[in-house]
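Everything below concerns the one structure shown next.
Every number in this text was worked out from the coordinates using simple rules, so none of it is lab data. For clarity, every value in this text was computed on a predicted model and none was experimentally measured.
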Amino acid sequence: MLKYLRLLLLPNLRTGMILTSTFALIICVGTLIPLPQAVDVPGTDKWHHFLAFAALTYPLTVVS
């Protein structure tokens with residue numbers, strides 16, 4: 001379990017690229033597919049964007 005946690009928190013270059021690509025795909029799908037009705041999520045839109053793009057950039061910034 002600790003080995004997998006270490007891979008997520010301190011990835012090597014290959015893992016960092018895979019995680020970044022996965023997060024980019026999730027963000028693209030989440031932002032481009034229209035929803036049938038509006039979803040009321042607590043918080044502001046700015047915080048949601050901040051968290052999404054922080055997750056996107058984290059793996060490759062840890063590697064470099």
Value at 222 nm in deg cm²/dmol, rounded to 500, when DSSP H runs of n ≥ 4 in the chain each add -39,500 (n - 2.57): -24000 deg cm²/dmol
Mean-square fluctuation check for the chain, GNM, Cα pairs under 10 Å: which of Ala38, Ala54, Ala24 is largest? Ala38
Additional length obtainable on full extension of the chain from Ile33 to Lys3, 0.36 nm per residue less Cα span: 7.3 nm
Stokes-Einstein D for the chain (25 °C, 0.890 mPa s, Kirkwood Rh from Cα pairs), in µm²/s, comes to 185 µm²/s
